[in-house]
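Here is the structure we will look at, set down as structure tokens.
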Amino acid sequence: EAGVAQSPRYKIIEKRQSVAFWCNPISGHATLYWYQQILGQGPKLLIQFQNNGVVDDSQLPKDRFSAERLKGVDSTLKIQPAKLEDSAVYLCASSLVLLSADNEQFFGPGTRLTVL
Amino acid sequence: AQKVTQAQTEISVVEKEDVTLDCVYETRDTTYYLFWYKQPPSGELVFLIRRNSFDEQNEISGRYSWNFQKSTSSFNFTITASQVVDSAVYFCALSGNFGNEKLTFGTGTRLTIIP
């Protein structure tokens, strides 16, 4: 079974530029998560989707970050414009169902973003 | 609000020694789940274990064991006879249930096994 796919793996941009990350979850997984992991810290949830609807985006900086999962499968996370403090690894995760005890999340390899 | 504390930032042990990674959590949920993830240098988070709040039995899986103590809100992880391949950052995480499934991670413990 294929795991969570993310691209690109690495991205270097200058501040004020825009960037987009893509995630394809494990087939059949209804729930998709985007996490931000700043160097030396644990991952922090940015947004959580159930199919194509947003469940939790309370920690998403909505003035510059946006995310969508239009068909309830793959997802795109965008930053526009980027700031230096956005340098981090962006992790995508998926799980089979929401509202279930069986809520193990499977993580992708992440996209490492460097903002110069 | 949920919180996970991993007080040990870095640990180094010589190969074959036993090592325990500490995790203390805070939550107001009566039903919750605790996790340990391993993050090797490649960066991908690898799931190790999930325990629910109603199951306080300790668990052993090969060289790994977990000690869940609700009375002290701790979920510690022990590696027996450590190996160089165990070198990684280890994260403890907490999630709620029924609408609060997001994972709250600790800051991680960097474990280095010295050959």
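A few points about this structure:
- One residue stands out in the range B:49-78 among those that are in contact with a Ser or Thr (Cβ under 8 Å, 6 or more places away or on another chain) and among the hydrophobic types (A, V, I, L, M, F, W, C): the one that is surrounded by the most Cβ atoms within 10 Å (Cβ to Cβ), namely B:PHE77.
- Meets criteria (assigned to a loop (DSSP other than H, G, I, E, B) and touching a residue at least 40 places away in the same chain (Cβ under 8 Å)) for A:ILE26: yes
- Exclusive hit being closer than 29 Å to B:ALA1 by Cβ, part of a strand (DSSP E or B) and of a type in the set (A, V, I, L, M), set A:LEU60, A:LEU46, A:LEU39: A:LEU46
- B:GLU26 being closer than 18 Å to B:THR5 by Cα, charged (D, E, K, R) and away from chain A (no Cβ under 14 Å): yes
- Considering the range B:16-48, and only residues there that are loosely packed, with under 14 Cβ neighbours inside 10 Å and among the acidic types (Asp, Glu), the residue that is nearest to B:THR109 (Cα to Cα) turns out to be B:ASP18.
- Some residue of the range A:12-32 being modelled with pLDDT of 95 or more, under 23 Å from B:GLY108 (Cα atoms) and β-branched (Val, Ile, Thr): no
- Apart from one condition, B:ARG28 fits all of (1) assigned to a loop (DSSP other than H, G, I, E, B); (2) basic (Lys, Arg); (3) closer than 26 Å to A:PRO109 by Cα; the exception is (3).
- Count of the range A:75-101 residues, restricted to those that are modelled with pLDDT of 95 or more and in contact with a strand residue (DSSP E or B) (Cβ under 7 Å, 6 or more places away or on another chain), is 15.
- Inside the range B:36-87, residues that are on the phi > 0 side of the Ramachandran plot and within 14 Å of chain A (Cβ to nearest Cβ) make up a count of 1.
Here is a yes/no grid of residues against (1) closer than 22 Å to B:LYS38 by Cα; (2) acidic (Asp, Glu); (3) within 11 Å of the chain's Cα centre (by Cα); (4) within 13 Å of chain B (Cβ to nearest Cβ):
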position	(1), (2), (3), (4)
A:GLU14	no, yes, no, no
A:GLN17	no, no, no, no
A:THR31	yes, no, no, yes
A:GLY42	yes, no, no, yes
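- The residues of the range B:31-56 that are within 17 Å of B:THR80 (Cβ to Cβ) and either in contact with a helix residue (DSSP H, G or I) (Cβ under 9 Å, 6 or more places away or on another chain) or part of a loop (DSSP other than H, G, I, E, B) (or both) amount to a single one, B:LYS38.
- Taking the listed residues A:VAL55, A:VAL89, A:VAL97, the one that is of a type outside the set (Asp, Glu), assigned to a loop (DSSP other than H, G, I, E, B) and within 11 Å of chain B (Cβ to nearest Cβ) is A:VAL97, with no other qualifying.
- Annotation: A:LEU70 fulfils all but one of (1) outside any loop (DSSP other than H, G, I, E, B); (2) more than 30 Å from B:ALA7 (Cα to Cα); the unmet one is (1).
The values are calculated or read from the model by the stated rules, or taken from the named source; none is laboratory data. Quick caveat: nothing in here was measured; it's all calculated off a predicted structure. Cβ: placed from backbone, ideal geometry, glycine included. Neighbour counts: every protein chain shown.
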